[in-house]
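This report concerns only the one structure given below.
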Amino acid sequence: MARYTGAVCRLCRREGEKLFLKGDRCYTGKCAIDKRSYAPGQHGQGRTKASEYGTHLREKQKTKRYYGLLEGQFRSYFDKAKKQKGQAGENMLSILETRLDNVIYRLGIGSSRAEARQLVLHGHFLVNGKRVDIPSFLVKPGMIVSIKETSRKSDKIKGNLEASASRVPPKWLELDGSNYMAKIVALPTKADIDLPIAEHLIVEFYSK
């Protein structure tokens, strides 16, 4: 399974903003973009004016990196979104949000999407009572996502749940913390997504 294996802090510096790829570290003084807010590389501190194409490209790259995807899979989500009713950009964001690894992150069980992806790969979760270890699995309204009984004692999972106890899940997820489960009550909309994404720029990029 292909995935990015380089230094993730370089990705934040390249986009010029925090992508929150390293969990709690992003909220501390150790965050690389707080220390060096310019792009990485020899010419990172040079002043360049982005072209229209460059602006569209950066928005696409930033969104890919938020969700930890490579180009092929990201493009396949866009193609799928175009075939659905409604606006392609908003449809694509809804698809990205309903990935199982993102759901685990949104519930606070993973401190970052990368960690949530790893937890899913290790088989810690059930969907409608069946073990699912595919991070790209797309949940649907009515589905129940739960933590396996043997995984509820995991120090990592318990620690993440305690750290995120004050975090309010998005309204399309209904969390039942006492029973280690959550219900998908609706599909997420643009208003439910707290990321600074201009999805129309991505649509324009792929439409050229």
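The values are calculated or read from the model by the stated rules, or taken from the named source; none is laboratory data. Only a predicted model underlies this, so the values are computations on that prediction, with no experimental measurement involved. With ideal geometry, Cβ positions are generated from the backbone for all residues, glycine too; neighbour counts draw on all protein chains shown. In case anyone asks, the SASA skips ligands and DNA or RNA and just uses the protein heavy atoms, side chains included. Shrake-Rupley method; radii C 1.70, N 1.55, O 1.52, S 1.80 Å.
Here are a few things to note about the model shown:
- Loop-located trypsin sites (Lys or Arg not before Pro) in the range 79-180 (DSSP state other than H, G, I, E, B) with a sparse environment of at most 12 neighbouring Cβ atoms within 10 Å: 83, 85, 153, 167, 171.
- Note on the range 90-179: with neighbouring protein chains present and a 1.4 Å probe, carbon and sulfur make up 49 percent of its accessible heavy-atom surface.
- Rh (Kirkwood; distinct C-alpha pairs) - the range 46-110, Å: 13.2 Å
- Averaged over its residues, the range 87-148 has an accessible area of 34 Å² per residue, based on protein heavy atoms and a 1.4 Å probe.
- Label-point gap, in nm, between residue 58 and residue 128 - each point 7 angstrom along Cα→Cβ: 4.3 nm
- Sorted largest first, the spans of the alpha carbon positions of the range 96-208 along the three principal axes are 50, 28, 25 Å.
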